[in-house]
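Asker: My questions all concern the structure below.
The values are calculated or read from the model by the stated rules, or taken from the named source; none is laboratory data. Only a predicted model underlies this, so the values are computations on that prediction, with no experimental measurement involved. Neighbour counts run over all protein chains shown; Cβ positions are idealised from the backbone, glycine included. The accessibility values were calculated without ligands, DNA or RNA, using every heavy atom of the protein model including side chains. Shrake-Rupley method; radii C 1.70, N 1.55, O 1.52, S 1.80 Å.
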Amino acid sequence: MTKARLYIYDTTLRDGQQTQGVQFSTSEKQTIATMLDQLGVDYIEGGWPGANPTDSAFFEAAPQTRATMTAFGMTKRAGRSAENDEVLAGVLNAGTGAVCLVGKTHDFHVETALGITLPENVENIAKSVAHLVAQGREALFDAEHFFDGYKANAAYALDCLKAALEAGARWIVLCDTNGGTLPEEIGRITSEVIAAGIPGDRLGIHTHNDTETAVAGSLAAIEAGARQVQGTLNGLGERCGNANLTTLIPTLLLKDPYASRYETGIAIDALKGLTKLSRTLDDILNRVPMRQAPYVGSSAFAHKAGLHASAILKDPSTYEHIDPSVVGNARIIPMSNQAGQSNLIRRLTEAGFTVEKGDPALARILDEIKEKESQGYSYDTAQASFELLARGAFGQLPRFFDVERYRVISERRRNAKGRVVVESEALVTVQLPGGRKLTGFFKNDHPTDLHDDGPVNALWQALRTDLGPYQASIDDISLVDFKVRITNGGTEAVTRVIIDFQDGAGQRWSTVGVSPNIVDASFEALLDSIIWKLVRDGAHPA
């Protein structure tokens with residue numbers, strides 16, 4: 001059976017930038033566009049040229065892509081010709097092969113928001129699209145508020161679509177702009193649009209996630225006959241976000257009936273880079289990746305209960321809907337006091353240990369985990385600290401160095417200009433097995449700043465300033481996230497700190513520290529991170 005072609009349209013750089021707190025730089029847009037092209041999407045919507053300096057600069061230096069680079073704009077305004085509309089001219093001047101214009105299809109918005117007559121709006125759509133086609137561009141029409149407009153006045157909404165189609169638009173994109181249309185409605189209305197004369201192979205779908213159904217709504221439109229789907233990486237977008245392409249793409253490629261019926265421009269092998277792509281975007285935005293994200297989240301293939309882990313050992317498909325490696329992710333067996341020996345064996349195997357069920361060491365490790373967790377530790381997400389604990393129990397933990405002492409000072413004072421500043425400095429002294437001592441010192445070098453990065457950062461910088469023979473292994477470590485939890489209340493509260501790290505190769509790990517003193521708890525987690533990295537890199541005690 002011949003598969004129907006589905007086209008993937010990415011709007012991360014335009015609609016994704018509508019996310020609160022997100023503002024891409026030109027270089028960041030270039031990086032993301034290159035990654036999207038490597039993935040294999042068909043269209044990359046780069047932004048709205050002329051709307052802001054960043055978007056204009058991007059189109060002036062957009063990377064060469066196999067994907068069709070697309071500029072976004074709006075239909076011409078009433079009372080002027082398409083040829084003399086400066087906004088439309090700005091979009092065309094970007095020189096992209098395709099142009100996507102948004103236009104009203106809901107009569108309420110036409111009369112209330114635009115303040116023009118319904119026939120004038122239809123004319124604006126037709127003349128704008130025809131102008132694009134005359135300039136040799138591939139034209140796309142984003143039918144804004146289409147589903148709401150169709151439910152209010154189906155005949156008029158369809159007139160808008162037909163005007164764009166007859167003017168030469170390659171794609172008519174049905175937009176659920178408010179995000180309130182549910183999947184069943186999207187599927188039914190898409191079918192009715194096709195029945196009214198808009199061919200399915202000219203229809204696209206653009207959903208928002210205000211009811212947590214953007215992906216489901218997109219799939220419903222595809223099942224009804226739409227052949228282009230729009231979305232964003234990690235579901236970025238205004239309000240609750242857009243349809244999440246990091247979920248949609250693997251679903252379309254791996255799940256029936258979609259995998260059997262449709263083909264895209266994305267190869268199965270390209271999915272192996274999906275998790276890295278998702279996390280790289282979060283790194284660019286300085287956001288913590290969502291652990292529970294389908295397919296690409298760090299918890300997407302985590303199995304905590306002992307019963308689950310026992311079954312996973314026999315056959316991973318018992319509790320996994322796909323092999324995590326297909327999307328570049330990995331299986332995780334978290335350790336906690338709920339864990340059974342099956343969990344522990346699996347986790348130890350992944351850490352490189354060879355151990356049989358019934359080994360006395362297993363009971364010792366489980367007892368130590370339970371004892372540690374009674375003190376406030378949690379190894380559920382701190383996989384690196386768990387591995388160090390296990391290595392210690394097996395007598396396989398190298399002694400790279402001892403920390404003789406550390407000191408950290410934070411000072412709040414007024415500077416020479418009378419402004420309040422906060423500065424931190426730290427000193428760490430370690431001793432290598434041969435007796436050699438190393439001392440690292442860090443002090444905030446920006447006394448004019450109102451605030452520095454705090455005592456924990458000062459400790460981290462001091463610790464990693466000079467570790468002698470181990471320096472090459474730790475230079476590329478960066479802190480990704482820092483979480484603090486008070487496990488006991490009152491003046492004798494115990495603090496648990498979990499820190500996430502990443503190295504230059506994109507490898508991530510987490511460590512835990514516990515102490516009544518938040519700085520000391522943090523220092524314990526920092527130490528574990530360095531030791532784990534040295535073990536993983538195969539370092540030998542100096």
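Asker: Give a residue-ordered list of calculated ³J(HN,Hα) values for the stretch 527-542 (Karplus: 6.51 cos²θ - 1.76 cosθ + 1.60, θ = phi - 60°; whole Hz; x for Gly, Pro).
Answerer: Going residue by residue, I get 4, 4, 4, 5, 5, 4, 5, 5, 5, 5, 7, x, 5, 10, x, 6 Hz, with x marking Gly and Pro.
Asker: Of the DSSP beta bridges with both residues in the stretch 95-252, give the percent that are antiparallel, rounding to the nearest 5.
Answerer: So the antiparallel bridges amount to about 5 percent of the total.
Asker: Here's something else I'd like to know. Is the shape of the stretch 451-542 best called rounded, prolate or oblate, per the rule: a/c under 1.5 gives rounded, else a/b larger than b/c gives prolate, else oblate, with a ≥ b ≥ c the square roots of the Cα gyration tensor eigenvalues?
Answerer: Prolate.
Asker: Shifting gears a bit: For Lys151 and Ala330 in the same chain, what is the full-extension length gain: residue separation times 0.36 nm, less their Cα-Cα distance, in nm?
Answerer: Using 0.36 nm per residue and subtracting the Cα-Cα distance, I get 60.0 nm.
Asker: Follow-up question, since we're still on this one. With every protein chain kept in the model, how would you rank Met290, Met74 by accessible area, 1.4 Å probe, largest at the top?
Answerer: The residues order as Met290, Met74, largest area first.
Asker: Return the lysines within reach of Lys370: Cα separation strictly under 16 angstrom, same-chain partners fewer than 8 residues apart disregarded; answer none if there are no such residues.
Answerer: Lys304
Asker: If you don't mind, there's one more thing I want to ask. Could you tell me whether the stretch 239-381 comes out rounded, prolate or oblate from its Cα gyration tensor? Rule is a ≥ b ≥ c as square roots of the eigenvalues, rounded for a/c under 1.5, then prolate if a/b exceeds b/c, otherwise oblate.
Answerer: Here the stretch 239-381 falls in the prolate category.
Asker: Calculated FRET efficiency, Asn84 and Asn178, Cβ-Cβ r, R0 41 Å, to nearest 0.05?
Answerer: Efficiency, from the Cβ-Cβ distance: 0.80.
Asker: So, with +1 on the Cβ of K and R and -1 on the Cβ of D and E, and no other charges, what is the size of the charge dipole of the stretch 413-542 about its Cα centre, to the nearest 20 debye?
Answerer: With only Lys, Arg, Asp and Glu charged at Cβ, the dipole is about 220 debye.
Asker: Please work out the Kirkwood hydrodynamic radius for the stretch 200-291, using every pair of different C-alpha atoms, and report it in angstroms with one decimal place.
Answerer: Mean inverse Cα-Cα distance, inverted, gives 13.8 Å.
Asker: Using protein chains only and a probe of 1.4 angstrom, how many square angstrom of Ser385 are accessible, to the nearest 10?
Answerer: 10
Asker: Can you give the helix-only mean residue ellipticity at 222 nm for the chain, where every DSSP H stretch with n ≥ 4 adds -39500 (n - 2.57) and the sum goes over all residues, rounded to the nearest 500 deg cm²/dmol?
Answerer: It lands at -11000 deg cm²/dmol.
Asker: Now for a separate question. Give me a comma-separated list of calculated 3J(HN,Hα) values for the stretch 186-201, in order, Karplus coefficients 6.51, -1.76, 1.60 applied at θ = phi - 60°, integers in Hz, x for any Gly or Pro.
Answerer: With coefficients 6.51, -1.76 and 1.60, one gets 4, x, 5, 5, 4, 4, 5, 5, 5, 5, 7, x, 9, x, x, 7 Hz.
Asker: Report, by chain and number, residues whose modeled amide H sits under 5 Å from the one on Arg80, excluding near sequence neighbours (fewer than 5 apart, same chain).
Answerer: Under 5 Å from the amide H of Arg80 lies no amide H from a residue far enough along the sequence or on another chain.
Asker: Turning to a different aspect of this structure: Excluding ligands, DNA and RNA, what is the solvent-accessible area per residue of the chain at a probe of 1.4 Å, expressed in Å²?
Answerer: 43
Asker: What distance in nm lies between label points placed 7 Å from Cα along the C-beta direction at Arg188 and Ala267?
Answerer: It is 4.3 nm.
Asker: Considering only DSSP beta bridges with both partners in the chain, what is the antiparallel share in %, to the nearest 5?
Answerer: Antiparallel: roughly 45 percent of the beta bridges in the chain.
Asker: For Tyr43, what accessible surface area do you get with a 1.4 Å probe? Give it in Å², rounded to 10.
Answerer: Here the residue's solvent-accessible area equals roughly 10 Å².
Asker: FRET efficiency for Thr65 and Arg5, Cβ-Cβ distance as r, R0 = 25 Å, nearest 0.05?
Answerer: It comes to 0.85.
Asker: Have a look at Gly392, Ala311, Tyr379 and report the one farthest towards the positive end of the charge dipole of the chain, computed about the Cα centre with Cβ charges (Lys/Arg +1, Asp/Glu -1).
Answerer: Farthest along the dipole direction, towards plus: Gly392.
Asker: With charges set only on the Cβ (+1 for Lys and Arg, -1 for Asp and Glu), what does the dipole of the chain come to about its Cα centre, in debye to the nearest 20?
Answerer: Value, rounded to 20: 960 debye.
Asker: Check which residues have an amide H placed less than 5 Å from Val421's amide H, if you skip close sequence neighbours.
Answerer: The answer is Arg413, Arg414, Asn415.
Asker: Set the Förster radius R0 to 51 Å, insert the Cβ-Cβ distance between Ala493 and Gln18 as r into 1/(1 + (r/R0)^6), and round the FRET efficiency to 0.05.
Answerer: 0.80
Asker: Tally Lys/Arg at +1 and Asp/Glu at -1 over every other residue whose Cβ is under 14 Å from the Cβ of Thr190; what's the total?
Answerer: Surrounding charge for Thr190 is -2.
Asker: Could you size up the charge dipole of the stretch 16-147 around its Cα centre, putting +1 on the beta carbon of Lys and Arg and -1 on that of Asp and Glu, and report it in debye to the nearest 20?
Answerer: Computed about the Cα centre, the dipole is about 140 debye.
Asker: Can you run phi through the Karplus equation (6.51, -1.76, 1.60; θ = phi - 60°) for the stretch 94-110 and list ³J(HN,Hα) in whole Hz, with x for Gly and Pro?
Answerer: Working through the residues one at a time gives 5, x, 7, x, 10, 9, 10, 10, 8, x, 6, 10, 9, 4, 4, 6, 4 Hz.
Asker: Separate question: Lys417: which lysines have alpha carbons under 25 Å from its alpha carbon, excluding same-chain residues fewer than 8 sequence positions away?
Answerer: By straight Cα distance, Lys417 reaches Lys443.
Asker: Still on this structure, I have one more. Want the number for Arg436 to Arg414: 0.36 nm per residue separation, take away the alpha-carbon distance, what's left?
Answerer: Taking Arg436 through Arg414 to full extension adds about 4.0 nm, to one decimal.
Asker: Given Cα positions, please report Rg to Rh for the chain, the hydrodynamic radius being the Kirkwood one.
Answerer: 1.06
Asker: Taking a probe of 1.4 angstrom, what is the accessible area of Lys151 in Å², to the nearest 10?
Answerer: Solvent-accessible area, nearest 10 Å²: 100 Å².
Asker: With 18 Å as the limit, write out which pairs from Lys3/Lys255; Lys276/Lys483; Lys104/Lys151; Lys76/Lys104; Lys314/Lys357 have Cα-Cα distances beyond it, or answer none.
Answerer: From the list (Lys3/Lys255; Lys276/Lys483; Lys104/Lys151; Lys76/Lys104; Lys314/Lys357), the Cα-Cα distance tops 18 Å for Lys276/Lys483.
Asker: Please list the non-local residues whose amide H lies under 5 Å from the amide H of His208, H modeled 1.01 Å from N, same-chain partners needing a gap of 5 or more.
Answerer: Sorted by chain and number, the residues that satisfy this are Asp176, Gly179.
Asker: Against the globular-protein guess of 2.2 N^0.38 Å, express the Cα radius of gyration of the stretch 68-175 as a ratio, rounded to two decimals.
Answerer: Expressed relative to 2.2 N^0.38 Å, the Cα Rg reads 0.98.
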